[in-house]
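Take a look at the structure set out below.
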Amino acid sequence: MTDGAATSPTKSARAYFMSCAALIGFALAYTLPIYARLPRTIYDPVARRWAWAVNLGPIPMGYLGQIIWGLAGALIGAGVAGLVLARLKREPSERAYALWAAWALTAVVIVGGYFTWNNWP
Amino acid sequence: MLFLENFARPLLIVHAVAAAVLVGATTHHLLWSRHYLFGRFNTYKGERTFAWVAAAAFVTTFLVGNLLYPTYKVRVRAEYFDSPQAVAAESALRTQQHQVSRVAVAGAPERGLTLTSVARLFDIKEHWVAIGCAASLVLLVLSRRAHPKDHPRVLWLYLGLSATACGAAWFGAVVGLLTASYRAVGGVT
């Protein structure tokens, strides 16, 4: 597949939509363990031990686990977008570009707003 | 002994230097990208370089920050920010030293004061920089694979990501400096 092909998405279109899906996947999966109280990898810096849990108190750090969730979400998002684009037989419309940009940026704002609201001093 | 606690100070300096590069690169990137709104792409080579520098600086700052995090979480957050006794003791010691230097400070701290609000602001920063780091990496991919110069439909996402990365970098730097100012130039208030 090369840029300029009329019957399937170009390489740049694939990069664009997979990037949007990866960002949306990252943002949502990063938030999911907090919002839905799901277990994640937690490091206890005092005991110097790793655990898989929802929460272990104020000192153990769940941040790294959240990042891992986010990375997994990004990979899944990009992978699903790649599979869908591989089956698509035409170049995505201008409207699709605008919608995916809007969804990606909205996901960023919603997730940032969620954590700002929840941690507001 | 906490993980990498012995190296906390050099790591903090590396973290700060990387953050300075990050703030500079993301700001330059956003400023140079604004020309694309008017169809001017003559600065795109430099802009793409800034996209690369910004992503590299974001990842470096983020990784080094994570290496420092156990020390921050225990020594700064738990043992100081969230501890009214530690804040009161620090305040009393500083008041005593102000009497020695005979230079009064404006406003005495309240009794039972904690600095939990600072720690919560730091938590907000952590989440925004994680999002900013992701935005910066996506921006790097787009700058190489689907640049607005050749693909105008990408422009709004490109500018939005640039603004997100720049805003997150500035917010992270300001909150980081604010946090480090306690027990330093800022005292306990």
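Hey, among A:Leu71, A:Leu85, A:Leu99, which residue is over 20 Å from B:Val154 (Cβ atoms) and not charged (D, E, K, R)?
A:Leu71
Looking at this structure, is A:Gly65 over 30 Å from A:Pro9 (Cα atoms), more than 11 Å from chain B (Cβ to nearest Cβ) and not in a strand (DSSP E or B)?
yes
Would it be correct to say that A:Ala13 is in contact with a helix residue (DSSP H, G or I) (Cβ under 6 Å, 6 or more places away or on another chain), surrounded by 16 or more Cβ atoms within 10 Å (Cβ to Cβ) and touching a residue at least 24 places away in the same chain (Cβ under 8 Å)?
no
Sort out which residues of the stretch B:1-28 are more than 21 Å from B:Lys125 (Cα to Cα) and not charged (D, E, K, R), and write them in order of number.
B:Met1, B:Leu2, B:Phe3, B:Leu4, B:Asn6, B:Phe7, B:Pro10, B:His28
Restricting attention to the stretch B:178-189, which residues are of a type outside the set (Gly, Ala, Ser) and in a helix (DSSP H, G or I)?
Residues satisfying the conditions are B:Leu178, B:Thr179.
For every residue, the table says whether it meets (1) aromatic (Phe, Trp, Tyr); (2) away from chain B (no Cβ under 11 Å); (3) without any contact (Cβ under 8 Å) to a residue 12 or more places away in the chain.
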site: A:Leu38; (1), (2), (3): no, yes, no
site: A:Asp44; (1), (2), (3): no, no, no
site: A:Ala81; (1), (2), (3): no, yes, no
site: A:Glu94; (1), (2), (3): no, no, yes
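Assuming A:Phe26 fulfils every condition listed in (1) touching a Phe, Trp or Tyr at 6+ places or on another chain (Cβ under 8 Å); (2) of a type in the set (Phe, Trp, Tyr); (3) surrounded by 16 or more Cβ atoms within 10 Å (Cβ to Cβ) apart from one, which condition is it?
Against the list (1) touching a Phe, Trp or Tyr at 6+ places or on another chain (Cβ under 8 Å); (2) of a type in the set (Phe, Trp, Tyr); (3) surrounded by 16 or more Cβ atoms within 10 Å (Cβ to Cβ), A:Phe26 comes up short only on (1).
Could you go through the stretch B:35-54 and let me know if any residue there is crowded, with 17+ Cβ neighbours inside 10 Å, touching a Gly at 6+ places or on another chain (Cβ under 8 Å) and among the hydrophobic types (A, V, I, L, M, F, W, C).
No, the stretch B:35-54 contains no residue that is crowded, with 17+ Cβ neighbours inside 10 Å, touching a Gly at 6+ places or on another chain (Cβ under 8 Å) and among the hydrophobic types (A, V, I, L, M, F, W, C).
Which residues, counting only those in the stretch A:73-121, are among the polar types (S, T, N, Q) and closer than 23 Å to B:Val175 by Cα?
A:Thr116, A:Asn118, A:Asn119
Given the options B:Ser83, B:Ser101, B:Ser91, name the one that is in contact with a Pro (Cβ under 6 Å, 6 or more places away or on another chain) and either modelled with pLDDT of 95 or more or surrounded by fewer than 20 Cβ atoms within 10 Å (Cβ to Cβ) (or both).
On inspection, the qualifying residue turns out to be B:Ser91.
Within the stretch B:126-172, work out how many residues are over 22 Å from A:Asn119 (Cβ atoms) and of a type in the set (Asp, Glu).
The total comes to 1.
Kindly indicate whether any position in the stretch A:95-102 is in a helix (DSSP H, G or I) and hydroxyl-bearing (Ser, Thr, Tyr).
yes
Residue check, B:Leu137 against (1) surrounded by 17 or more Cβ atoms within 10 Å (Cβ to Cβ); (2) under 18 Å from B:Arg34 (Cα atoms); (3) over 11 Å from the mean Cα position of the chain (by Cα), all met but one. Which one?
Evaluating B:Leu137 over (1) surrounded by 17 or more Cβ atoms within 10 Å (Cβ to Cβ); (2) under 18 Å from B:Arg34 (Cα atoms); (3) over 11 Å from the mean Cα position of the chain (by Cα) leaves (2) as the failure.
Taking the stated definitions as given, is A:Pro9 more than 25 Å from B:Asp82 (Cα to Cα), assigned to a loop (DSSP other than H, G, I, E, B) and modelled with pLDDT under 95?
Against the criterion (more than 25 Å from B:Asp82 (Cα to Cα), assigned to a loop (DSSP other than H, G, I, E, B) and modelled with pLDDT under 95), A:Pro9 qualifies.
Do you know which residues across the stretch B:130-177 are more than 22 Å from B:Ala25 (Cβ to Cβ), in a helix (DSSP H, G or I) and either among the aliphatic types (A, V, I, L, M) or facing chain A (nearest Cβ under 8 Å) (or both)?
Correct list: B:Arg153 only.
Can you tell me which residue is nearest to A:Leu32 (Cα to Cα) among those in the stretch A:103-115 that are free of Cβ contacts under 8 Å to residues at least 24 places away in the same chain and facing another protein chain (nearest Cβ under 8 Å)?
The residue in question is A:Gly112.
The values are calculated or read from the model by the stated rules, or taken from the named source; none is laboratory data. It should be emphasised that the depicted structure is a prediction, and the values quoted were computed from it without experimental measurement. Heads up, the Cβs are rebuilt from the backbone with ideal geometry, glycines too, and the neighbour counts pull from every protein chain shown.
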